[in-house]
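One structure is given here, and the rest of the page talks about it.
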Amino acid sequence: MNVTSASDRLKKVMRIALVGIKPGDQVMLKGYLRLLLRLEADLEWVSANNQQIDLFMVNHDLRHAESVQKLISSKHNTATIYTARSETESGYLSQDLLVLPIKDLAPLSEWLFSQLPFLSGIPVDNMPSAAAKLTADAVDASQSATDNTLTLALSL
């Protein structure tokens, strides 16, 4: 019989700061990360000035803004990924640029596990391969439902 201690069952908390990202894209990104990291970490969405941040997700348009550069440099051990949106092509990940919406989550999963010291202790064979192979259609459907609910709530 395999006995697990309470500390083995507890997930680590991963703190993520979203900077300059539109609400619709925030919903999408949160869905992607929940899908990819649900077994490895509890996700906590924090402000950009929080003392402890594991990942910055920054709107690509703000990449060279002085305030963003200062913020990122003040947290030198924090991974940063920049996001953009394409209305004409399917999304992709290239180095540290994530173009939304993406359908194949495998590249994002690989990036997260290679760039975040928080996740580096997880053996490669334990990475969420099943989740990475899933398409993001479920996330897109969830975003659509959320957008519809938000539109309905605003119209009341």
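Computed from the coordinates by the stated procedures, all read-outs in this text should not be read as laboratory data. Everything numeric in this text was worked out from a predicted model, so none of it was measured. Don't worry about glycine lacking a Cβ; one is built from the backbone with ideal geometry, like all the others, and counts go over all protein chains shown.
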Handout entry: Gain in span if fully extended, residue 26 to residue 76, counting 0.36 nm per residue against the direct Cα distance
Key = 15.7 nm
Practice task
With θ set to phi - 60°, apply the Karplus curve 6.51 cos²θ - 1.76 cosθ + 1.60 along region 93-101 and write out the HN-Hα couplings as whole Hz, x wherever there is a Gly or Pro.
Solution key: 10, 9, 6, 10, 10, 10, 9, 9, x
Handout entry: residue 34 paired with residue 92, simple spin-label distance in nm, labels 7 Å along Cα-to-beta-carbon
Key = 2.9 nm
Fill in the blank from the handout: Straight-line reach check, residue 75, cutoff 22 Å on alpha carbons, 8 or more apart in-chain or any other chain, hits among lysines -> 12, 30
